[in-house]
Structure formats: C-alpha cells, structure tokens
Amino acid sequence: MASSAPTSAPPRERILAIASQLFYTHGIRAVGIDTIIDQSGVAKASFYKHFPSKNDLVAEVLTQLGVAWRQWLADAVDRLSDDPNIRHLAVFDALGERLNSSGFRGCIFINSIVELADRDHAGHAVANDHKQQVTAYLERLLVEAQVRPAADLADQLMMLVDGAIVTALRTGSAAAAASAKEIADLLIRQRLAKRRQRG
C-alpha cells in the first residue's frame with residue numbers, strides 16, 4: 001500500500017497517499033474528509049480543488065492502487081517464472097509473497113466492493129474493473145500456456161485468488177496461496193486431460 005507522502009510532495013499526491021493508507025487500514029466509510037485533510041496537511045480549498053467529493057477521491061485512489069497492483073503482479077510473475085507453460089501458476093507464488101508481507105490487511109478492492117455494495121458507486125465500479133483486468137491477465141497467461149477454454153478457467157483462477165486472500169485474512173496464514181495453487185493446477189490438469197481424450 002502507499003505510504004505517507006513527503007510534505008514536499010504536491011497536494012494532490014499527498015492527499016492520495018494519505019487516503020490510500022487510511023482507506024486500507026480503516027475502511028472507506030470510517031475515514032472522513034476532514035481526517036484526510038488534516039493528515040495530508042493541505043487546505044480544505046486545495047482538497048476540493050482536486051477532489052470535488054469523497055466519491056471522486058475513492059475512485060482515484062482505487063484506480064491508482066489498481067494500476068500499481070496489476071504492475072506488481074505482472075512483475076512478480078515475470079520474476080518467478082519464465083516458462084509460459086506454468087506462468088499462470090506463478091500467480092499464486094506471487095500471491096503467497098503478498099499475503100506474507102507485513103501490514104497485510106486483505107484486498108482493498110474486495111473490501112471496497114463489500115463496503116460500497118451499490119453497483120452505481122464509482123468506487124465499486126473501479127474495484128470491479130480492477131478484478132476484471134486481473135482476470136483478463138490470467139486469461140492471457142492461460143492462452144500462452146495453450147490451456148483452453150482460457151476465459152472460463154481465468155474466471156475460476158480469479159475465484160481462487162480472491163478466496164486465498166480472504167482465507168489468509170481470516171486465518172492469518174499465507175498458506176492459502178499454496179492451497180489455491182494446488183487447486184488451480186488440478187483444474188488445469190483435468191481440463192488438459194479431457195482435451196487429450198477428445199483428441
């Protein structure tokens with residue numbers, strides 16, 4: 001997650017850094033605009049110049065965090081595996097590292113979807129879009145591995161990713177990522193075996 005921005009940073013950057021930190025730690029609804037203004041050290045007029053409403057801020061925070069999270073995932077998968085046949089499973093190795101990191105408090109996108117259950121809320125839409133983009137990335141990895149139907153399997157892998165995150169938060173253990181990897185591997189092996197049988 002983002003850390004506090006230096007006081008020399010532009011006001012918009014400071015607001016986003018503080019809001020990211022507070023939303024992840026305390027939840028979106030629990031954090032008021034006055035708290036963000038106070039901790040970011042910006043004037044109220046400056047805040048509203050950049051973000052006319054809290055919903056605008058929430059959407060921008062989630063957009064930026066989504067870009068950063070997806071880049072982290074792609075970089076981690078590249079680091080962990082250069083074999084296109086198994087890179088889709090490296091996603092779970094990367095996830096295991098994430099779940100084991102200090103300060104892990106679950107997934108801000110899942111948390112936001114739960115908090116902002118109204119599908120018309122801008123933050124809900126951004127969080128949902130992030131999940132769809134991660135699913136599309138999983139699909140690309142499956143296509144590279146020549147595993148089909150990639151779209152259906154990508155949806156299933158995304159469920160395993162989300163399930164591992166929630167389980168890790170519930171149990172306090174990163175082992176859920178390894179369990180999810182085993183299930184993913186089994187699903188894919190079964191799918192490949194069926195294709196060979198139809199052969």
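Derivation of every value follows stated rules applied to the coordinates shown; laboratory data play no part. The structure presented is a predicted model; accordingly, all values stated were derived computationally and were not measured. Don't worry about glycine lacking a Cβ; one is built from the backbone with ideal geometry, like all the others, and counts go over all protein chains shown.
Assuming R0 = 45 Å, what is the FRET efficiency of residue 118 and residue 182, from their Cβ-Cβ distance, to the nearest 0.05? Let's see the in-between values first.
Working: r = 36 Å, r/R0 = 0.80.
It comes out at approximately 0.80.
In segment 8-47, what trypsin sites (Lys or Arg not before Pro) fall in a loop by DSSP, with at most 12 other Cβ atoms inside 10 Å? Could the numbers behind the result be given before it?
Values: sites: 12, 14, 29, 44; in loops: 29.
Answer by residue number: 29.
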Fill in the blank from the handout: Label model pair residue 55, residue 125: point-to-point distance (7 angstrom along the Cα→beta-carbon line) in nm is 0.9 nm
Handout entry: Helix 11-26 vs. the chain, principal-axis angle (Cα, 0 to 90°, nearest 10)
Key = 60 degrees
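Using a/c under 1.5 as the rounded threshold, could you call segment 1-52 rounded, prolate or oblate? The axes a ≥ b ≥ c are square roots of the C-alpha gyration tensor eigenvalues, and prolate needs a/b larger than b/c, oblate otherwise.
Values: a/c = 1.99, a/b = 1.21, b/c = 1.65.
Oblate is the answer for segment 1-52, as a/c is 1.5 or above yet b/c matches or exceeds a/b.
Please work out whether segment 100-199 counts as rounded, prolate or oblate from its C-alpha gyration tensor, where a ≥ b ≥ c are the square roots of the eigenvalues and a/c under 1.5 means rounded, while otherwise a/b larger than b/c means prolate and anything else oblate? Provide the component values of the computation, followed by the final result.
Values: a/c = 2.91, a/b = 1.52, b/c = 1.92.
Cα axes put segment 100-199 in the oblate bin.
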Handout entry: Restricting segment 98-155 to trypsin sites (Lys or Arg not before Pro) in coil, as DSSP defines it, with at most 12 other Cβ within 10 Å
Key = 105, 119
Exercise for the section: Taking the chain as the reference, fit the longest principal axis to its C-alpha atoms, fit the long axis of helix 122-144 to the helix C-alpha atoms, and give the angle between the two in degrees, 0 to 90, nearest 10. Expected result: 30 degrees
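With a ≥ b ≥ c taken as the square roots of the eigenvalues of the C-alpha gyration tensor of segment 11-95, please select rounded if a/c is under 1.5 and otherwise prolate if a/b is larger than b/c or oblate if it is not? Display every interim value, and only then the final one.
Values: a/c = 3.61, a/b = 3.00, b/c = 1.20.
Taking the square roots of the gyration eigenvalues as a ≥ b ≥ c, segment 11-95 is prolate.
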Handout entry: On Cα atoms only, tilt of 54-80 relative to the major axis of the chain in degrees
Key = 40 degrees
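Per DSSP H run of n ≥ 4, the term is -39500 (n - 2.57); total these for the chain, divide by its residue number, and report the mean residue ellipticity at 222 nm rounded to 500 deg cm²/dmol.
Numbers: 9 runs with 148 residues, N = 199.
Helix contribution divided over all residues of the chain: -25000 deg cm²/dmol.
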Problem - Anchor residue 181: lysines whose Cα lies under 26 Å away (excluding residues fewer than 8 positions away in-chain) - result: 131, 194
Exercise for the section: In a Gaussian network model over the chain where Cα atoms closer than 10 Å are linked, find which of 30, 174, 90 has the largest mean-square fluctuation. Expected result: 30
Problem - Distance in nm between pseudo-label sites at residue 146 and residue 198 (7 Å out along the Cβ direction from Cα) - result: 1.6 nm
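If R₀ is 41 angstrom, what is the calculated FRET efficiency for the pair residue 190 and residue 9, using the beta carbon separation as r and rounding to 0.05? Walk me through the numbers before you get to the answer.
Details: r = 50 Å, r/R0 = 1.23.
The pair residue 190/residue 9 has a calculated efficiency of 0.20.
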Fill in the blank from the handout: For residue 44, the lysines lying under 28 Å Cα to Cα, once residues fewer than eight places off in the same chain are dropped, come out as 54
